[in-house]
Amino acid sequence: MRLVWLLVVMISLLGGVEVKIASYNVENLFDMNTDGNEYEEYIPNGDSGWTNEIYQIKLRNTATVIQGIGADIIGLQEIESEIALKDLKSQLKRQGFYYRYHVFARNKKSSVNVALLSRYPIQSALKHTVSHNGRYRDILEAKIDINGKSLRVFVNHWKSKSGGESKRVLSAKQLAYRLGELSEDEPFVLLGDFNSHYEEYKTFLKSRHHNDTEGITGINHILRTIDDEGNPVTYTALKNNNGYLYNLWYELDEAK
């Protein structure tokens, strides 16, 4: 299992309330119902050994990790169904960690999907389709009420690096388009498994396979987490309200 992104942020726009927000790729949480869209190794009671006993172990282990994170809001990737999400919620409750609210972005063409658990009320939710061919996971947008103030959280799971950067740029463009529709003073958080290095614009240049976009990256260029000179966006630049996004990875100690 991989902890993709965990952050704790004091959101001043929300009245200084400390909200712990996390993202976690649970890696293929499939339920025990057969709907014909499972990966072969997760067909219930199939030759690969995906049994209810293994499923329950997976639920307990996943719940233990989420409990350890202790987030108020957590975006999840690779959830097969709302049934699996509700089973996970129930397991969390049995372990003493309860999320009252949830939303699931169902895409019947995708084997795994994104979801969100929240201790705060979810006012509304939208699903943004990246492509209708079923090869891309939808982007989930949830509007959450935090003590009377709204926060939008976007849960992403971009294409893996088995393909070039153009596949991740497609998701980034869909996300950027939606962000452009929001008012400038509306707070939001982008999280998920972006399958990108936070300095992708540097690292992917070494790979001809990945760099099929003439140096343009989804995470850095399309979402504008670097400025026009190619430098990481600072908090000061963000306050100038010029359309940049601030990447919290730069707050982390590089040594860790």
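Here are the numbers for the structure shown:
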| item | result |
| --- | --- |
| Residue identified as assigned to a helix (DSSP H, G or I), among the small types (G, A, S) and closer than 21 Å to I74 by Cα among A172, A125 | A172 |
| Looking only at the stretch 244-256, and only at residues there that are of a type outside the set (A, V, I, L, M, F, W, C) and surrounded by 13 or more Cβ atoms within 10 Å (Cβ to Cβ), the one that is modelled with the lowest pLDDT | Y250 |
| Residue ID - modelled with the highest pLDDT, chosen from residues in the stretch 138-165 that are in a loop (DSSP other than H, G, I, E, B) and more than 25 Å from R100 (Cβ to Cβ) | W158 |
| Residue list for the stretch 88-125, filter: free of Cβ contacts under 8 Å to residues at least 24 places away in the same chain and under 18 Å from H157 (Cα atoms) | H102, A125 |
| Test: residue in the stretch 227-234 that is buried (at least 16 other Cβ atoms within 10 Å of the Cβ) and of a type outside the set (D, E) | yes |
| Residue match in the stretch 76-93 (condition: part of a loop (DSSP other than H, G, I, E, B), under 28 Å from E18 (Cβ atoms), of a type in the set (S, T, N, Q) and at pLDDT 95 or above) | no |
| Hits in the stretch 8-37 - residues which are more than 19 Å from N52 (Cβ to Cβ), part of a strand (DSSP E or B) and modelled with pLDDT of 65 or more | V17, E18, V19, K20, I21, A22, S23, Y24, N25 |
| L170 surrounded by 15 or more Cβ atoms within 10 Å (Cβ to Cβ) and closer than 23 Å to N242 by Cβ | no |
| Residue that is surrounded by the fewest Cβ atoms within 10 Å (Cβ to Cβ) [pool: residues in the stretch 99-124 that are modelled with pLDDT under 95 and over 17 Å from the mean Cα position of the chain (by Cα)] | K108 |
| Residue count for the stretch 38-70, restricted to those that are within 21 Å of N156 (Cβ to Cβ) and either at pLDDT 95 or above or exposed (fewer than 13 other Cβ atoms within 10 Å of the Cβ) (or both) | 3 |
| The lone exception for I216 - which of (1) touching a Leu at 6+ places or on another chain (Cβ under 9 Å); (2) more than 26 Å from F104 (Cα to Cα); (3) surrounded by fewer than 18 Cβ atoms within 10 Å (Cβ to Cβ); (4) of a type outside the set (S, T, Y) it fails | (1) |
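The values are calculated or read from the model by the stated rules, or taken from the named source; none is laboratory data. None of the values given here were measured: they were computed from a predicted structure. Because the Cβ atoms are built from the backbone with ideal geometry, glycine has one as well, and the counts that use them run over all protein chains shown.
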